[in-house]
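Please treat every number below as a calculation from the coordinates, not as lab data. Everything numeric here is computed off the predicted structure, so don't read it as measured data. Counting neighbours? That spans all protein chains shown, and the Cβs are built from the backbone with ideal geometry, glycine included.
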Amino acid sequence: MRGMAGHALRIVLVVVLGGFAGAALARYAPGWGVDDEDLNSSLSAASHAALHASDANGSNPAAFYVDYWGRLLRGDLGTSVALHEPVSQLLKERVPETCKSVGAGLALAWTMGLGLALLSLLPVARFAAWGAWLLASLVLCLPAAVLALLCVYAHASGRLAIGLIVFPRVYQFTRNLLARSAALPHVLTARAKGAGECRILLRHVLPVAAPQILALGGVSVCMALAACVPVEALCDLPGIGQLAWRAALSRDLTLLVNLTMIMTVVTLAANSGMDLLGGLIGEGRG
Amino acid sequence: MKKTRAAAIVFLMLMGCACLLAGYLAPASYAEQFREIPNASCSRQHWLGTDDLGRDRLSRVLYGTRVSLLLAPAAALLTTLLAGVIGGAAGFLGGWLEEAVKAAIDLVLSMPWLFLLITVRALLPLNVPPLTSVTITFALLGCLGWAGAARVVDADAKALAHSEMALLARASGSGGMRLLWRHILPNLKPVLQAQFWVSIPVFILAEANLSLLGLGVAEPLPSWGSLLRELENYSALTAQPVQWIPLALLVLTVGSFQLALNREEDWA
């Protein structure tokens, strides 16, 4: 219970501080307060003055941030400058697509990564292990955006690209972790007593490595979310990643600050959830 | 596997030479246009053909190699320096400073890397001259990559500050800056070196991603990332397979870094 409260407090603190850092960066970014409407000669001087007065409301970053939180608590995330739509509406439309992409990508990455890491522990599967190492190394050398393009050319889903981007990290980490666990003295004892490879793997190796593997689960969510940006942008998937890319290209700072905070919350929640789960498993074994 | 590692190091040295000698090896300037022959295929004048604006592709690959291979290490050096100063000071001094640094590290690491990169890149001007864009891109990579390295340096500096070696130095009258300068920093050198080498391929890939998304190095200055934008034109790609060369060079270079950095146990 205390652990959960600690994690929740950490998330709130990071979000509040991160949000302020984001808002301050956005406020001091070159171009803040410059409106396209300034170039519209059909507007009267009074309209221009009104526009500048509305921009001046955000001149103090602290006041801007307090106002932002006030609106946030009322459920108002502001309006996208580039897309001229409420941010909450944009998120409502795009979050399901990103959830599907991230979910499918993570499922693929973990199935491939963990499966091949387990296979590489078996002495009979040396060639499979070598092939997996080669595939993981090759994918690690490719930029995520190129993998997304290759998927487009192969008429494959962008979700496959997300899976391939996350796979090598999952494979390499779990393979090293499982290999280290397999070399522990109690595993050697079990092997000496004649236990089968599968039994050793399931009863003696996996439970030892489980907390760290779960921690990697949290980190892999962060990796998959990062991969969403190039994949959704280049594979034309209407998700949060594509939205972030469009916001970046059009310097839509309101949208970017909101997206940054949402990504931070999701990442922290995933990491904290996996940490807690790993802790519970560790306690259970202890 | 020592032979593979040696081959990787030789390849990296060759790439280093090519990027340093780009001015002598390139048949034309990276921005010079041969307007009468856009999208030309390989010929004696243009070994790798020309791009859609009629620029010599070999020259652009050579200059792009120079930009990526000189500036990624520069960004890695910046990251390592930041990590050394921030992590080293936090680990050595401890107390509230270390707690504050750890919180800052958590804050930076809690955001997806590429997402953070495009967000901060978008906060800086996008419509800038090519040299400014390349400086912004790599400076940004250097400034945002410090957190992971600083965590490692912090842990190492803390362990060193509480080691018997440091205790002995303190007992001998060394303290403060002398202890840091003469005893802690030399022992942090291997960690900092490792962080430097590990950061280079990461930054090469990050620049490629940013440029492919239109947020990196601006035209006409070439980098591996901006050269990869040719891959977005599938019809031209099938007509001229030489357009894959920048990608092949990037993969070989990043792979060579991996092979050169990997420890023996990773081969098992």
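Full extension of the chain between residue B:52 and residue B:181 gives 41.0 nm of extra length, using 0.36 nm per residue less the Cα-Cα distance. Computed from the alpha carbon atoms alone, the convex hull of chain B holds 163 Å³ per residue.
Evaluating 6.51 cos²θ - 1.76 cosθ + 1.60 at θ = phi - 60° for every residue in region B:13-23, the Karplus couplings come out as 5, 4, 5, x, 4, 4, 6, 6, 9, 3, x Hz, glycine and proline recorded as x. A simple count of charges around residue B:222, restricted to other residues whose Cβ falls under 14 Å of its Cβ and scoring Lys, Arg +1 and Asp, Glu -1, yields -2. Look at the dipole of chain A built from charges on Cβ: of A:146, A:110, A:234, the Cα furthest out on the positive end belongs to A:110. What is the angle, in °, between the Cα long axis of helix A:158-182 and the longest principal axis of the Cα atoms in chain A? Nearest 10 is fine, range 0 to 90. On a 0 to 90 degree scale, this one is about 40. Based on C-alpha pairs under 8 angstrom that are at least 6 apart in sequence, chain B has a relative contact order of 25 percent.
Spin-label pair residue A:193-residue A:62: with each label point 7 Å from Cα along the Cα-Cβ axis, the two points sit 6.5 nm from one another.
Ordering A:192, A:256, A:172 by Cα displacement along the dipole of region A:2-285 toward the positive end leaves A:192 in first place; charges were set at the Cβ atoms of Lys, Arg (+1) and Asp, Glu (-1).
Among the residues of A:142-154, the average count of other protein chain beta-carbon atoms within 10 Å of the residue beta-carbon is 5. Name the most mobile residue of A:209, A:244, A:227, meaning the one with the largest mean-square fluctuation, in a Gaussian network model of chain A with Cα contacts below 10 Å. The residue that fluctuates most here is A:209. Among A:44, A:101, A:88, the residue with the largest mean-square fluctuation in a Gaussian network model of chain A, with springs joining Cα atoms closer than 10 Å, is A:44. Stretching the chain fully between residue A:111 and residue A:276 yields a gain of 57.1 nm (0.36 nm per residue, less the alpha carbon separation). Counting every other Cβ atom within 10 Å of each residue's Cβ, A:76, B:156 order from fewest to most as A:76, B:156. The stretch between residue B:20 and residue B:163, if pulled fully straight at 0.36 nm per residue, gains 47.2 nm over its current Cα-Cα span.
In order along region A:273-283, phi translates into HN-Hα couplings of x, 5, 4, 5, 4, x, x, 4, 5, x, 5 Hz, rounded to whole numbers, per the Karplus curve 6.51 cos²θ - 1.76 cosθ + 1.60 with θ = phi - 60° and x for Gly and Pro. Partner shielding of A:233-241 amounts to 1, given as the average count of beta-carbon atoms from other chains within 10 Å of each residue beta-carbon. The relative contact order of chain A comes to 24 percent, based on Cα pairs under 8 Å that sit 6 or more residues apart. For residue A:269, neighbours were defined as the other residues whose beta-carbon sits under 13 Å from its Cβ, and their charges (Lys and Arg +1, Asp and Glu -1) total 0. Local charge for residue B:209 was computed over the other residues whose Cβ lies under 14 Å away, with Lys and Arg +1 and Asp and Glu -1, and equals -1. Taken along the Cα-to-beta-carbon direction at a fixed 7 Å, the label points for residue A:93 and residue A:28 span 3.5 nm. About its Cα centre, the dipole of the protein assembly as shown is roughly 2140 debye, where the only charges are +1 on Lys and Arg Cβ and -1 on Asp and Glu Cβ. For residue A:79, nonlocal amide neighbours, meaning residues 5 or more places apart or on other chains whose placed amide H falls under 5 Å from its own, are A:87.
Can you compute the FRET efficiency between residue B:248 and residue A:46 using 1/(1 + (r/R0)^6), with r the Cβ-Cβ distance and R0 = 45 Å? Round to the nearest 0.05. Computed FRET efficiency for residue B:248 and residue A:46: 0.15. Counting, for every residue in B:203-210, the Cβ atoms of other protein chains within 10 Å of its Cβ and taking the mean gives 4. The magnitude of the dipole of region B:1-89, with charges of +1 and -1 set on the Cβ of Lys/Arg and Asp/Glu and taken from the Cα centre, is near 440 debye. In sequence order, region A:239-248 has phi-based couplings of x, 5, x, 5, 5, 4, 5, 5, 5, 5 Hz under the Karplus curve 6.51 cos²θ - 1.76 cosθ + 1.60, θ = phi - 60°, and Gly or Pro positions carry x. Between region B:161-226 and region A:144-192, the alpha-carbon centres lie 27 Å apart.
Build a GNM of chain B with springs between Cα atoms under 10 Å: which of B:145, B:84, B:49 gets the top mean-square fluctuation? The residue that fluctuates most here is B:49.
Each of B:131, B:84, A:15 was scored by the projection of its Cα onto the charge dipole of the protein assembly as shown, and the greatest displacement toward the positive side belongs to B:84; charges sit on the C-beta of Lys, Arg, Asp and Glu. Ranked by the mean number of other Cβ atoms within 10 Å of their residues, highest first, the peptides A:110-121, A:269-280, B:203-214, A:246-257 come out as B:203-214, A:246-257, A:110-121, A:269-280.
To make sure I understand, if each residue's beta carbon is the centre and we count other beta carbons within 10 Å, what order do B:3, B:158, A:100, A:92 fall in, fewest to most?
On the way: B:3 7, B:158 18, A:100 13, A:92 10.
Least crowded to most crowded, the residues run B:3, A:92, A:100, B:158.
For the pair residue B:37 and residue A:203, a Förster radius of 56 Å applied to the C-beta separation gives a FRET efficiency near 0.25, rounded to the nearest 0.05.
Summary of the geometry: region B:78-117 and region A:98-126, compared by the centres of their Cα atoms, lie 32 Å apart.
Summing Cβ point charges (Lys, Arg +1; Asp, Glu -1) relative to the Cα centre of chain A gives a dipole of roughly 1800 debye.
Placing dummy labels 7 Å off each Cα toward the beta-carbon, the span from residue A:10 to residue B:132 is 4.1 nm.
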